[in-house]
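Data block below; observations after.
Rule-based calculations on the coordinates, nothing more; no lab input. From a predicted model like this one, the values you see are computed outputs, not experimental measurements. Glycine also receives a Cβ, built like all others from the backbone with ideal geometry; neighbour counts cover every protein chain displayed.
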């Protein structure tokens, strides 16, 4: 198994018994997940997903990815939230740093994750002259951001390829049976993939939502599912003493209960930046409710040691650091001797950059612990499709347990509706007239 | 003037007098800055910089940028922290979203901002066959991350262009008189630019540190300095009632004093993402000390409304939101009518995307205020080099005042040394032997 969890550097800030005392509660949470009896139990499809997914659809995903790779220079993925971050995190973690600029790669771009007219205009400029395919991802088909982008890009493709040509280049990932996008896909004849009813957006990276873009980028999704399946088996036991995913959940809850309110996910490889964004959604949206929850933030080290490092070392002491570490580097680069040694770096000549990076990580950990920041480590043996799948499951399972320990429903997101309702009202959507008048009055009162 | 500040949506959470009572303290802080008598007064070169900078060097920067643009497809900028984030924030904010992929643009890449061997290897692969120039930025020339990258890239350039050819393509931004990089630049004959002694890294974007890369990207640095100069004049008065930069400083301090501990900088244009990273360094490194300071975090909306939105709406109520808003969009895109209207979006047909984006912003603000999050707005009339310069100064001045009100030295960063000392010791740097043994013992005790 290729993930390990270590919280020895949190023990200067809490007693071991603060974790072990949670053992029976973790067991209760485990049963809530596995017997589908806790809050949000209608959204537990992710628990066994890696062990029992639709093999026929999986084969269709691989075939579609292959087809896109053979006839398109770029895939445009339209989606937001969980329909964006999972695929993006995997592709950035597992591809060439500049994958969209390397000759011979199928490029992947994202759209519908914002409402910026500059962004979509620039994207269309970039795509000029390229053969493209489109994967539109939306459970309902009516979410504002992706729906606007899809109107624009569908029109663009139909002009470029004709209606019939566009049809064979548009892939819809949506509800199995109902909704605007499903209706359209059936009417137009787009190949469709399913967003299961019992898997929420932030838990959906191992469904078609994530898998089609990921496979199109050239990543081995068989390996990814195999890694997730291994993790599903490994973390399928209620015993806190041995289940490291649950240990992570318990330790962060123990620290939260004694006043730590911000958790920083730390990496030392820039390719993991979007894994942190994915993790922020997973934990922030699962736990940030009922006026509770660790605030999830992220830093890319050592880059951000030169920006946020000062705060972490000496600012308010309400932080936890969780380091997502990769043991074996993807590539080795040896630092060369320099005759003049003006930079004084010859003491690292002959070492690899990764050795220096690892010493920076160790030194940082000790410095931050000394400064008053508990430190947790989630370590992957290496970074590949298999360990990515394991890691996804490790965090998903930990998140479910953690949210239940916190006393929230980890699988809903009632707060996300509030801005949408206001936005619809302000935009004049039929049915929102009363709210509209009220909001406009408030806006004019506040002179903004 | 093209920046305005509005805190009417913070007033449900505090009395107006909580701000006005700070007036005399703001005045005192203003005098500490302008009479150079407060803590950190040796680093106040940024205060008058836009009004009195070295015109001869400025002309050399523009000439160098022009030369790079004429003989290089890409500029590699080596730097970390303040020698990275300023230039990157300006270039991303003011260029084409995909500027490094557009034909005819001088590409700009960054190096030395991490210790990832994958990153530097991939960068070298990407650069293969391209004509390049190099701007190495380091006050001392011995900071580990940029020094390692410079060893690699200098070697690469000398192999590619020969020593003489490389010399004319390497530009050093460094100390005026001393240090490893200055010594090397003089010895090799690199053209050099100055990092002033009295301007700290996070305040350095309007010095050669930022200006050479920014000008090379094709951005009008005359306009940028003009905007900054206008702001330096506008915000050069001690009167809280009229100085909006100081109002921002006072309001965030007032909210901090009543328990708000996290400030989220919010944008609605993805191109502002790195402005937030720059802002995080500015405020986090200036204020995060003596166990104090607002924790700076950032979100890109509406993207992150679908990840962090739930937490902002309903999580722990220790958040402030500061929205960096742009009134006039860069590009207008009108949403088209769709006959079938399956997505139900025809109620926005005929509107521009930016109108929808603005309604989303208004709706979000009201929803978050209703949810218990005070909301501040910093609004730029539009986004261009001039307003970027203004905005930089607005935040710099606010940060100086804010840090002084908090009771810290806003211009030092003592905590950044802690990880470096440990790292040097663990790497076996001569002179750190005692710490090394001690740290290695601690590491082996914690089994990591």
Sticking with the crude label model, points 7 Å out along Cα→Cβ, report the distance from residue B:438 to residue B:349 in nm, one decimal please. 7.3
Say a label goes 7 Å from Cα toward Cβ at residue B:39 in every copy; what distances in nm does this one have to the rest, shortest first? 4.2
Does the stretch A:86-149 classify as rounded, prolate or oblate by the C-alpha gyration tensor (a ≥ b ≥ c root eigenvalues; a/c under 1.5 gives rounded; else a/b over b/c gives prolate, otherwise oblate)? oblate
Of the stretch B:182-197, those with amide N under 14 Å from the point 7 Å along the Cα→Cβ vector of residue B:63 are B:191-193
So, in nm and shortest first, the distances from residue A:331 to its counterparts in the other copies, with label points 7 Å along Cα→Cβ, work out as 3.1
What translational diffusion coefficient, in µm²/s and rounded to a whole number, does the Stokes-Einstein relation yield for the stretch B:248-388 at 25 °C and a viscosity of 0.890 mPa s, taking the hydrodynamic radius as the Kirkwood radius over Cα pairs? 149
Take B:324, B:212, B:11 and order them by how many other Cβ atoms sit within 10 Å, fewest up front. B:11, B:324, B:212
Suppose a student asked you for the relative contact order of the stretch B:49-223, using Cα pairs under 8 Å spaced at least 6 residues apart; what percent would you report? 31
For the pair residue B:160/residue A:15, report the inter-label distance in nm, with labels modelled 7 Å from Cα in the Cβ direction. 6.1
Taking the Cβ of each residue in B:187, B:359, A:292 as the centre, tally the other Cβ atoms inside 10 Å and list the residues starting with the fewest. B:187, A:292, B:359
So, relative contact order of chain B in percent, Cα under 8 Å, 6 or more apart, is 23
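Hey, got the average number of other protein chain Cβ atoms within 10 angstrom for residues in B:90-101?
Partner Cβ neighbours, averaged per residue: 3.
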Just which residue of chain A brings its Cβ nearest the axis of rotation onto chain B, and by how many angstrom, rounded whole? A:297, 3
One finds the C-alpha centres of the stretch B:153-210 and the stretch B:219-285 to be spaced, in Å, by 30
Based on other C-beta atoms within 10 Å, arrange B:202, A:316, A:60 from fewest to most. A:60, A:316, B:202
How shielded is B:144-152 by partner chains, expressed as the average number of their Cβ atoms within 10 Å of its Cβ atoms? 6
Degrees, to the nearest 10: A:85-94 long Cα axis against longest axis of chain A: 60
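Averaged over every viewing direction, what's the projected area of the C-alpha convex hull for chain A? Give it in nm², one decimal, please.
Result: a mean projected hull area of 25.3 nm².
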So for the pair residue B:381, residue B:327, with labels modelled 7 Å out along Cα→Cβ, what separation do we get in nm? 0.7
Which of the three applies to the protein assembly as shown, rounded, prolate or oblate, going by the alpha-carbon gyration tensor with a ≥ b ≥ c and a/c under 1.5 meaning rounded? rounded
Find every distance from the label point of residue A:63 to the corresponding label point in the other copies (7 Å from Cα along Cα→Cβ) and write them in nm, one decimal, shortest first. 6.6
How far is helix B:416-427 tilted off the main Cα axis of chain B, in degrees rounded to 10, range 0 to 90? 40
Classify the stretch A:49-223 from the C-alpha gyration tensor, please: rounded if a/c falls under 1.5, else prolate or oblate depending on whether a/b exceeds b/c. rounded
In the protein assembly as shown, what % of DSSP beta bridges are antiparallel (nearest 5)? 10
Pairs of alpha-carbon atoms within less than 8 angstrom and 6+ residues apart define the contacts here; what relative contact order does the stretch A:334-406 have, in percent? 17
Computed helical MRE - 222 nm, chain B, DSSP H runs ≥ 4 contributing -39500 (n - 2.57), nearest 500: -15000 deg cm²/dmol
In whole angstrom, note down how far apart the Cα centers of the stretch B:100-150 and the stretch A:364-431 are. 32
Mean other chain Cβ within 10 Å across A:284-295 is 6
